[in-house]
1. Restricting the range 202-219 to residues that are more than 14 Å from LEU63 (Cα to Cα) and in a helix (DSSP H, G or I), which is most open to solvent (accessible area, probe 1.4 Å)?
2. Filter the range 69-94 for residues that are part of a loop (DSSP other than H, G, I, E, B) and surrounded by fewer than 12 Cβ atoms within 10 Å (Cβ to Cβ) and give the result.
3. Mind checking which residues of the range 226-278 are at positive phi and open to solvent by less than 70 Å² (accessible area, probe 1.4 Å)?
4. Looking at the range 38-53, which of its residues are assigned to a helix (DSSP H, G or I) and crowded, with 18+ Cβ neighbours inside 10 Å?
5. Take ILE191 and tell me if it is among the β-branched types (Val, Ile, Thr), at pLDDT below 80, open to solvent by less than 80 Å² (accessible area, probe 1.4 Å) and at negative phi.
6. Being in a helix (DSSP H, G or I) and either in contact with a strand residue (DSSP E or B) (Cβ under 7 Å, 6 or more places away or on another chain) or under 30 Å from THR89 (Cα atoms) (or both) is the requirement here; does LEU66 meet it?
7. Tell me whether the range 12-27 contains one or more residues that are crowded, with 16+ Cβ neighbours inside 10 Å, at pLDDT 80 or above and part of a helix (DSSP H, G or I).
8. Kindly list the number of the only condition in (1) without any contact (Cβ under 8 Å) to a residue 24 or more places away in the chain; (2) in a helix (DSSP H, G or I); (3) within 28 Å of SER192 (Cα to Cα) that fails for GLY102.
Amino acid sequence: TECEKEPGSLLWIFVMVGNIVRGMGETPIMPLGISYLEDFAKAENSPFYLACLHTATVIGPFLGLLLASFCAELFVDIGSVGADEITITATDARWVGAWWLGILICALLNLLVAIPFWFLPKALVKEGETNEPEETSEKSAAPLQGNDKNETKQTIWKYFIPFLKALFHNPVYMLFICITVLQFSAFDGMISFMPKYLEQQFGKSASDAIFLIGVYNLPVLCVGYFSGGLFMKKFKINVYQAANIAFWLSLLEYLLYFAAFWTVCDTSPVAGLTVSYQ
């Protein structure tokens, strides 16, 4: 029929390429930022600075969810369709929010925030020291001058493969990687499916569901990151003690989440699935 059209738009490629470029720009921030802090911060202050960094990484998604909640209240064709022409509301299943508006706003903000990175110095003065950054860098580079010059001509593959193999054979590192993957999998699952559950089970709009997830989950994560870094700084927790604290707190977290299995709600009536069409 005339109403049937084959999907032929390639605009999704622009979205995919944009996300790839965004990922390339965001990836160096965490590893290089952590190294930047570790190299020029005192050992007792480093956990607190890292906690502030991780807190900022949670504040960002919190503000992003609030922005998404605002954009979800706007119709997808805002600016080209008048408000009087829209015959459905945000609680309607056919409603599509202005998802593209948040991407444009965040892209502009990312561009503005990236400008100060150009003015960061290459080296900082170590906390508690008075040496200039140039002197510090010269001292750190002095032992390298005595190395064999032939080593500088070697390719990265000669050192990268053995180093990668050593990491894969490190049980502590691999265990940490597995735990991180499980934690992010659980968090991403909640972010992906919880909004739809709130919409279907409690009759919330997409805007309200996104807002509730941001308000109920992310602020407490900020408090946890910040208080954890403050605790380690104050009591000077070492790696072994930190691992013990992380284990018992993770076990408590698991038990609390496991208790959620007893929190059930009645299934909403859906014609053809839970109730008959009659």
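The values are calculated or read from the model by the stated rules, or taken from the named source; none is laboratory data. Nothing here was measured: the structure is a model prediction, and the numbers come from that model. Every residue, glycine as well, gets a Cβ built from its backbone with ideal geometry; the counts of neighbours run over all protein chains shown. Ligands, DNA and RNA are excluded from the accessible area calculation, which covers all protein heavy atoms including side chains. Shrake-Rupley method; radii C 1.70, N 1.55, O 1.52, S 1.80 Å.
1. PHE202
2. Hits for the range 69-94 are GLY79, SER80, GLY82, THR87, ILE88, THR89, ASP92, ALA93, ARG94.
3. GLY272
4. Answer for the range 38-53, where residues must be assigned to a helix (DSSP H, G or I) and crowded, with 18+ Cβ neighbours inside 10 Å: PHE40, SER46, PRO47, PHE48, TYR49, LEU50, ALA51.
5. In short, yes.
6. It is true that LEU66 is in a helix (DSSP H, G or I) and either in contact with a strand residue (DSSP E or B) (Cβ under 7 Å, 6 or more places away or on another chain) or under 30 Å from THR89 (Cα atoms) (or both).
7. No, the range 12-27 has no match at all.
8. Looking at each condition in turn, GLY102 falls short on (1).
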